[in-house]
1. Return the only residue of Leu56, Leu15, Leu87 being in contact with a helix residue (DSSP H, G or I) (Cβ under 7 Å, 6 or more places away or on another chain), closer than 28 Å to Glu196 by Cβ and assigned to a strand (DSSP E or B).
2. Could you pull out the residue among Gln43, Gln67 that is polar (S, T, N, Q) and touching a residue at least 60 places away in the same chain (Cβ under 8 Å)?
3. Identify, please: which residue in region 375-410 is part of a helix (DSSP H, G or I) and of a type in the set (Ser, Thr, Tyr) and is, among those, surrounded by the most Cβ atoms within 10 Å (Cβ to Cβ)?
4. Give just the number: which of (1) at pLDDT below 95; (2) surrounded by fewer than 20 Cβ atoms within 10 Å (Cβ to Cβ); (3) not aliphatic (A, V, I, L, M) does Arg62 not satisfy?
5. Every residue in region 412-441 that is under 15 Å from Arg296 (Cβ atoms) and more than 28 Å from the chain's Cα centre (by Cα), please.
6. Could you please find all residues in region 192-213 being in a loop (DSSP other than H, G, I, E, B), of a type outside the set (Asp, Glu) and either crowded, with 19+ Cβ neighbours inside 10 Å or in contact with a helix residue (DSSP H, G or I) (Cβ under 6 Å, 6 or more places away or on another chain) (or both)?
7. Taking the conditions exactly as written (within 21 Å of Val306 (Cβ to Cβ), in the same structural domain as Val302 (by TED's automatic domain parsing) and not charged (D, E, K, R)), does Ala400 satisfy them or not?
8. Among the listed residues Ala13, Ala23, Ala72, identify the single one that is within 20 Å of Phe177 (Cα to Cα) and out of contact with any Lys or Arg (no Cβ under 6 Å at 6 or more places or on another chain).
Amino acid sequence: MLSVIIPTYNQSACLDLTLTSLAGQSAGPDRFEVVVVDDASVQDIRAVVRGHEDELRLRYLRQPSNQGRAAARNLGVAHSGSDLLLLMDADSYAAPDLVERHLRPAGEAGPEVVYGRRIEPSWGTFTRLRQGFPAEDELLPMEGDHRDLPRDGRDHDSDDSDDGFDVYRRSAWMFGFTHNLSLPRDLYRRIDGFDESFVQWGYEDTDFTYRIYRHFGRDSSRFRFDPEAVCYHMPHFRDWATEWENTKPVLPFLVDKYRHYDVEFFTHPSDNHRRVARTLPFYEDCREFIRHHPGRVDAGRVRKAVGLPEAASGLWIGFDVTPATNPEGQAGAGAGAGSGRVTAIDHAVPHGPDNPHLFGVRTPYPDGSFDHVVHLDLWRMLTPIDLSALLMDSLRIADAALLVRSKGLNRDPGDGIGMIDDLDYFLAMVGPRYDAQICYEDAEMAVVRVAGRTGER
């Protein structure tokens, strides 16, 4: 038995088609129920539901006020009766075997979360849906799901498809959209459902799947993408630019909520998720390479060498950057020495509320929080896009950024992602925008100071 949960705000025509498609499922009506949650629509959603009560096991619920999709889904689940949930949208037209593919045999030990595929139909495909479902080879290239890329583990946008990279390898949570997703009720309960602080459109489903990912210890094997579990995204009016603009405050909210690099690199719109998912595994690999490398310079050496003012406030990002974990471990030697306020993002210490694991690309600190931000080596692996974001964020929260390069810490690019070694090129790259120069250098390290030009901050 399965419960289909559908929140809706207006979209009466789309909902009518979606319910029609559910009435035509190969799985009999005794094997699933449909719960429609009306999020205080202006249109008469109750009338649409009433028109399908003879062919579906339907429940209709109405919110007293518009509270968003997260709250609507939680209400629907609370009033559903099955151990398995299928989360859909009102504009998700189901292929005839969609429910069948999400139903699972008793005792199945497969992935807890199953993503179905969503087709973006052209008007021609939309018209054909009323007569029958098109075959895969009848779909236009533009109609596919942007998650189709990893169906066989190959990057079909690349000429070198034999070496394709599976974007789900470590970031499956990033591609979880609740227009076609199933999971056990017990798992839904264990992660406390959707976060109802998400009221506007966007990212409430990403937050939901990320909490599942964290619940299972950041294990992507708990997710599976089934490209044969298909729905079609019904045409409806979209103010796409405004919708994405309205999601911008959500990204810093997610960083502040979790304070982990998983979400730090997250961007919008969602087509950019593939770039982030492709990059994160290499960042993690290189992060572990730096963690165990004997050639990295410790924070105590940096502080002594650079001679930062005792009263200066600073943010230190890297490994062993807090006094308790600094190898020198003596008063006045660690990153936290001196009377100035020092905040550490220490990747050598377990992640927690008081110790974020961020690279510095998007931090939760207010503008002007520090006199300087010190980056120890982690910055060297970042792509130009992410490194540029790191500099902009550092100079948002501080007057200057100090980028430390340990000269004994180098990585063969053949082993994965490379690291910046050519500081002259780096200076030429950022020089047109910032005041950048090597402020300290010896046999073990070089330190680049980057600051806004006078009068530009």
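1. On the way: Leu56 fails: assigned to a strand (DSSP E or B); Leu15 fails: assigned to a strand (DSSP E or B).
None of the others qualify; the one that does is Leu87.
2. Values: Gln43 fails: touching a residue at least 60 places away in the same chain (Cβ under 8 Å).
After ruling out the rest, the residue left standing is Gln67.
3. If we filter region 375-410 for residues that are part of a helix (DSSP H, G or I), which is where we start, we get 378-381, 384-397.
Right, trim to of a type in the set (Ser, Thr, Tyr) and you get 388, 394.
On the way: Ser388: 15, Ser394: 27.
The extreme case among them is Ser394.
4. (1)
5. Just the residues of region 412-441 that are under 15 Å from Arg296 (Cβ atoms), to begin with: 419-421.
Residue satisfying the conditions is Asp421 alone.
6. From region 192-213, those in a loop (DSSP other than H, G, I, E, B) are 192-203; that's our starting set.
When the remaining residues are screened for being of a type outside the set (Asp, Glu), the result is 193-194, 197-203.
Residues satisfying the conditions are Gly193, Phe194, Phe198, Gln200, Trp201, Gly202, Tyr203.
7. Numbers: within 21 Å of Val306 (Cβ to Cβ): yes; in the same structural domain as Val302 (by TED's automatic domain parsing): yes; not charged (D, E, K, R): yes.
Yes: the conditions hold for Ala400.
8. Details: Ala13 fails: within 20 Å of Phe177 (Cα to Cα); Ala23 fails: within 20 Å of Phe177 (Cα to Cα).
After applying the criteria, what remains is Ala72.
The values are calculated or read from the model by the stated rules, or taken from the named source; none is laboratory data. Please read these numbers as outputs of a predicted model, since none were measured by experiment. All Cβ positions, glycine included, derive from the backbone under ideal geometry; neighbour counts span all protein chains shown.
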